[in-house]
Amino acid sequence: MSTPKTPRPGTRPQPANAPRAGTTRGGTPARPAQRPASSGQRPANGGQRPAGQSGSAGLVRPAPKAKVRRARLLVSKVDPWSVLKMAFLLSVALGIVTVVASIVLWTTLDITGIFDRVNGLLSEIAGTEGGGFDLRSYASLGQVASFATIIAVVNVVLLTALAMLSAVLYNISATLVGGIGVTLTDD
């Protein structure tokens, strides 16, 4: 700690009659130096940087490559209600795909003439000539579409129930073993 009479370390001692910084010899505050009136001329260097800093290559440094951050987390609980909603939506989408795919498949088989070839093959095997068996009467487009719709509805109910049961069983097993470990990284 320094007192007003003792100089601070690293400073030169001033004589007792020397004025303090910012004051004149009479003890009155010094006025800041006024700028000379400009005649519209700019300084000689034109606002440029000093000669030592003129290169732009030395001014901008690339940012150091950041470390990849990793976080290890545990999935300790799954909300059964959110699993139920998500499973229902996904199983409805799968049901729509099933119905559309079965209609497209039946139409493709009908256009390519597969049903006529199968009817001809079954006629040769059975040995009857002329129209003993017609595959289209057993598998018409309406019957295929209704059967695919029934299968899709059953799948929606079963997949939703199985997903909900799986979420409940996961929560029970996660309380015993802690859950599934997941490592997240920041690329």
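Where a number appears in this text, it was derived from the coordinates with a stated rule and is not lab data. Please read these numbers as outputs of a predicted model, since none were measured by experiment. Counting neighbours? That spans all protein chains shown, and the Cβs are built from the backbone with ideal geometry, glycine included.
Details
- Gyration tensor (alpha-carbon) shape descriptor, the stretch 122-187, a/c threshold 1.5: prolate
- For the stretch 61-146, chymotrypsin sites (Phe, Trp or Tyr not before Pro) meeting the loop criterion (DSSP other than H, G, I, E, B) and having at most 15 other Cβ atoms within 10 Å: PHE133.
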